[in-house]
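Notes to accompany the following structure.
The values are calculated or read from the model by the stated rules, or taken from the named source; none is laboratory data. Only a predicted model underlies this, so the values are computations on that prediction, with no experimental measurement involved. We place every Cβ from the backbone using ideal geometry, glycine too, and count neighbours over all the protein chains shown. Please note that ligands, DNA and RNA were not included when accessible areas were found on the heavy atoms of the full protein model with its side chains. Shrake-Rupley method; radii C 1.70, N 1.55, O 1.52, S 1.80 Å.
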Amino acid sequence: FRVEHPAGGYKKLFETVEELSSPITAHVAGRIPTWLKGSLLRCGPGLFEVGAEPFYHLFDGQALLHKFDFKEGHVTYHRRFVRTDAYVRAMTEKRIVITEFGTYAYPDPCKNIFSRFFSYFKGVEVTDNALVNVYPIGEDYYACTETNFITRINPETLETIKQVDLCKYVSVNGATAHPHVENDGTVYNIGNCFGKNFSLAYNIIRIPPLQADREDPINKSEVVVQFPCSDRFKPSYVHSFGLTPNYIVFVETPVKINLLKFLSSWSLWGANYMDCFESNETMGVWIHVAEKKKGRLLNIKFRTSAFNLFHHINTYEDNGFLIVDLCTWKGFEFVYNYLYLANLRANWDEVKRQAEKAPQPEARRYVLPLSIDKVPARHHRRGAGPGSAGTCPCAGDESVWLEPEVLFSGPRHAFEFPQINYKKYGGKPYTYSYGLGLNHFVPDRLCKLNVKTRETWVWQEPDSYPSEPIFVSHPDALEEDDGVVLSIVISPGVGPKPAYLLILNAKDMSEVARAEVDINIPVTFHGLFKRA
């Protein structure tokens, strides 16, 4: 059923807050599990304007790093802005200095016309605003966005240590904020690059775990395989990818970056990143597969109808097939067009009206045969439900047309920001995923989904707005869903506390405890639980 939000409490998600000079104690209601020891680290925007200059898009606000710390049943909360170049220069000059995703940084009005003219030709100044995620490399932790810059942070104090430019170590123009981190510490990521004959391509990069020589693993980064681009000058927007023990899956969507516009219009007429996106209305979606260990492309062209993709749920191998579970948005129009802050801060009726026009969400499963001989003209795998693959006569013998199996679908109700028991089931057959329920883009519920039976469990309270659910496994877990789910919730209209960390039983999504704080917490995107 649909919950309405006429009071507009969700607007508090997009309000500027101050950082803390030291951690504050949270008030605990319920009992924190004694085994839950460590820190929940989260990233998101925390500064939505600089002086009188506003940021316009959800992905523009300056990066704020959050930490909930668990020690012996007690909880503290801390937050600090990441001292990126974008943030430090904005604070120093009291204006927006570096162009963000949807906000153009105008030249310094104090400069004369000649210095402003020449500054246009220094090249594109890429943002390092690390507001999307945080992940480990070796023994270090990095906050990141989707450019070539990542920022090393101290996970204990939240202090910023240094900026790292990935371009200096490996051939990528940028990298996603969703790397895969294997249990031994190996990191895989993807980014676009210049391939053969100056055409665009996508490189999978590998950063090894920390070695006995204690050298920074980033120094040993390498490219393991290169995927071709469907359009030599227009790479697709890539937010995540799939990984199994033996295969890498890259989904190339019709949302394209016009590279010529990116390189030229920035200087000529003041564009931002959003101005450089366009949709290819005819390509649909291309899915590429490579052998992980051999770095060799699979010679099968997988094709399906158009969708946007931001988050893979999981990918695994099953008797000659790859099972690829995705959070899709149907159609070729870019979903980010609907994530301007003016839309998200609008009154509830206007929020709904805008969401009605946007691409509609659907969690899907695609079944990819790893050899053509497994694809008769119309093939249904036993036990895989209606997800099917069939040969596509219009695209040659080595092309396979894919039809999806629907895992979850509801009108303007998304199952997004998916999480699983990643440490034990990432890249392997699994049963459960946890997601953030978006109601017309407003996060108002937490969901658990059984991908085999489609059964769902939901946590929801009136005028309460949760964040991405993070699954934390019980240290002595016997089953996949033995553990808890953590989520930061803001509840501006309910009770005395404006925000809290919610702890749910991962089995049935019932509340175990909450750790309440006296201050507002703005929207966060992604993060992790770092065990003590």
May I ask you to derive the relative contact order of segment 9-531, considering only C-alpha pairs under 8 Å and at least 6 residues apart, and to give it as an integer percent? 14
What is the set of long-range amide H partners of LYS256 at a cut-off below 5 Å, with H atoms built 1.01 Å from backbone N? TYR237, GLU278, SER279, ASN280
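When the accessible area of segment 187-271 is computed with all protein chains present and a 1.4 Å probe, what percentage of it is carbon and sulfur? Could you put the intermediate results ahead of the total?
Details: 1850 of 3360 Å².
C and S atoms contribute 55 percent here.
Mind checking the full-extension length gain between HIS474 and ASN246? Use 0.36 nm per residue of separation minus the Cα-Cα distance, one decimal, nm.
Between HIS474 and ASN246, full extension yields 79.3 nm more.
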Report the net charge of residues surrounding ASN148, where surrounding means a beta-carbon distance below 13 angstrom and charges are Lys +1, Arg +1, Asp -1, Glu -1. -4
Proximal charge balance of ALA175 [Cβ under 14 Å; K/R count +1, D/E count -1]: -2
Mind giving me the nanometre distance, one decimal, between the label points for ASN520 and LYS423, set 7 Å out from Cα along Cα→Cβ? 3.6
Which whole-Hz couplings ³J(HN,Hα) result when phi for each residue of segment 482-489 is put into the Karplus expression 6.51 cos²θ - 1.76 cosθ + 1.60, θ = phi - 60°, listed in order with x for Gly and Pro? 6, x, 10, 10, 10, 8, 7, 10
Computed E for GLU461/THR431 - FRET, C-beta separation, R0 22 angstrom, nearest 0.05: 0.25
Of the listed pairs LYS67/LYS497; LYS301/LYS330; LYS196/LYS234; LYS37/LYS67; LYS37/LYS220; LYS67/LYS162, those with alpha carbons more than 23 Å apart are LYS37/LYS220
Gain upon complete extension [GLU291, HIS27; 0.36 nm per residue less C-alpha separation]: 90.1 nm
Amide H to amide H under 5 Å from ASN133: which residues, 5+ apart in sequence or cross-chain, H placed 1.01 Å off N in plane? CYS144
Would you compute, from DSSP H runs of 4+ residues alone, the mean residue ellipticity of the chain at 222 nm, taking -39500 (n - 2.57) per run and dividing by the full residue count, rounded to the nearest 500? -2000 deg cm²/dmol
Quick one: Karplus J couplings for segment 326-343, per residue in order, coefficients 6.51, -1.76, 1.60, θ = phi - 60°, nearest Hz, x for Gly and Pro? 9, 9, 9, 10, 5, x, 9, 5, 6, 4, 4, 4, 9, 10, 6, 4, 4, 5
Quick one: 3J(HN,Hα) in Hz for segment 20-33, Karplus 6.51/-1.76/1.60 with θ = phi - 60°, rounded, Gly and Pro as x. 9, 7, 7, x, 10, 7, 8, 8, 9, 10, x, 10, 6, x
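Below 12 angstrom from the Cβ of LEU131, what's the summed charge of the other residues (Lys, Arg +1; Asp, Glu -1)?
Once positives and negatives cancel, what remains is -3.
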Inter-label distance, nm, simple model (7 Å from Cα along the C-beta direction), GLU125/LYS374: 5.1
Gain in length, LYS162 to GLU53, computed as 0.36 nm per residue apart minus the alpha-carbon separation, to one decimal in nm? 36.5 nm
Residues whose placed amide H lies under 5 Å from that of ALA271, excluding near-sequence neighbours: TRP266
7 Å from Cα along Cα→Cβ at both ASP482 and LYS507: what's the point-to-point distance in nm? 1.1
Kindly report the accessible area of segment 9-531 per residue (heavy atoms of protein chains, probe 1.4 Å, no ligands, DNA or RNA), in Å². 40
Can you give the FRET efficiency to the nearest 0.05 for GLU18 and TYR104, using r as the Cβ-Cβ distance and R₀ = 45 Å? 0.95
